[in-house]
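Here's the structure, in C-alpha cells; my notes come after.
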Amino acid sequence: MNEPLRILIADDHPLFRKGLRALLATMPQTEVAGEATNGVEAVRLAGELRPDLILLDLHMPGGDGLTAIRRLATVAPQTHILVVTMFDDDDSVFAALRAGARGYTLKDTDDDEMIRAITAVGHGEAIFSPSIAGRIIAFFAQRPSQPATPFPSLTPSEHNVLQLLARGLPNETIAGRLNLSHKTVRNYVSAIFSKLHVASRAEAIVRAREAGIE
C-alpha cells in the first residue's frame, strides 16, 4: 500500500484552511501534516515535518509566499509546492514559477480540479488551473523568442554582478559576496550599464527582472 501524501497547508485565512482540510478528508491517500499562517511559519514547519506537498498562498502577513518558495528550495527541496491563491496576474504567476512552484491554481477552482492539481503536484508533476494555463500560453504567444541566456553580451562575471544588483544589493555587499574589490565591482557595473543601454541602477534592475534575473 502506498504511503499517504503528507500535506502542509499555508494560508492566513482560517475558513479557507478549514475548507482545504475538508476537501483533503475526501481524498483517502492524503493526510494533513500541519498548518501554517504565514510564509515564515511554512518554511519552519516544512523543515520540521518534511511534507510531500505544500498548498501555499502567495500573499500572507508576516512572511509572504514568494519568499517562502525561494527558501523552501533550500530547507525542504524534496517538498513540492502548489500555489493556491486569489491572484492571477502575470507578475504573481511567473514570479511563483521562477521561485520554484510546480503548480498554480486559484482559490475559486472547483473541487475536482483542485483534487487533480493536489494529486499531480504532490507526485512531482507540474499543473496549472485552466485559467492560469491560458494566461501562460497567451503570455508566451505574444512575446518574441528570447535567447537561452539573457544578455549574452555580458561576461560570466558581469552576469554574477547583475544578479546581485537585481536583488537590490549595494556595491560593497556585492564585492563581499563575490570576493572582489570595490573598484572591480564599480567597473563591472559601468560595463553592465553600457551593454544594457541603461543610465541607472534602477533601470538595470528593471531590465534584469524583466529577463527573469532576480
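I'd like to know if region 190-210 contains one or more residues that are of a type outside the set (A, V, I, L, M, F, W, C), surrounded by fewer than 13 Cβ atoms within 10 Å (Cβ to Cβ) and modelled with pLDDT of 90 or more. Checking region 190-210: at least one residue is of a type outside the set (A, V, I, L, M, F, W, C), surrounded by fewer than 13 Cβ atoms within 10 Å (Cβ to Cβ) and modelled with pLDDT of 90 or more.
Could you tell me whether any residue of region 22-37 is out of contact with any Pro (no Cβ under 6 Å at 6 or more places or on another chain) and within 16 Å of A99 (Cβ to Cβ)? No, because not a single residue in region 22-37 is out of contact with any Pro (no Cβ under 6 Å at 6 or more places or on another chain) and within 16 Å of A99 (Cβ to Cβ).
Evaluated against (1) free of Cβ contacts under 8 Å to residues at least 12 places away in the same chain; (2) touching a His at 6+ places or on another chain (Cβ under 8 Å), D112 falls short on exactly one condition, (2). In region 115-135, the residues that are within 20 Å of L23 (Cα to Cα) reach residues that are buried (at least 16 other Cβ atoms within 10 Å of the Cβ) and among the aromatic types (F, W, Y) with C-beta atoms within less than 6 angstrom, at least six apart or across chains, in these pairs: F128/Y104. The single residue among T74, T105 that is more than 18 Å from R135 (Cβ to Cβ), in the same structural domain as G34 (by TED's automatic domain parsing) and of a type in the set (S, T, Y) turns out to be T74.
Could you tell me whether F140 is of a type outside the set (A, V, I, L, M), at pLDDT 80 or above and either within 29 Å of I54 (Cα to Cα) or crowded, with 16+ Cβ neighbours inside 10 Å (or both)?
On the way: of a type outside the set (A, V, I, L, M): yes; at pLDDT 80 or above: no; either within 29 Å of I54 (Cα to Cα) or crowded, with 16+ Cβ neighbours inside 10 Å (or both): yes.
No; evaluated as a whole, the condition is false for this residue.
From the list D88, D11, the lone residue that is in the same structural domain as E125 (by TED's automatic domain parsing), surrounded by fewer than 19 Cβ atoms within 10 Å (Cβ to Cβ), charged (D, E, K, R) and in contact (Cβ under 8 Å) with a residue 40 or more places away in the chain is D88.
Inclusion of L162 among residues that are at pLDDT 90 or above, touching a Phe, Trp or Tyr at 6+ places or on another chain (Cβ under 8 Å) and closer than 24 Å to D91 by Cα is warranted.
Close contacts from region 22-46, counting a first residue that is assigned by TED's automatic domain parsing to the domain that holds L56 and a second that is among the charged types (D, E, K, R) and buried (at least 19 other Cβ atoms within 10 Å of the Cβ), with Cβ to Cβ under 6 Å and a gap of 6+ residues or different chains, come to E35/R17; V43/R71. Checked against (1) at pLDDT below 90; (2) over 16 Å from the mean Cα position of the chain (by Cα), K107 passes all but a single condition, namely (1).
The values are calculated or read from the model by the stated rules, or taken from the named source; none is laboratory data. Quick caveat, the model's predicted, so the values are computed rather than measured. Reconstructed Cβ throughout: ideal geometry from the backbone, glycine too, with neighbour counts over all protein chains shown.
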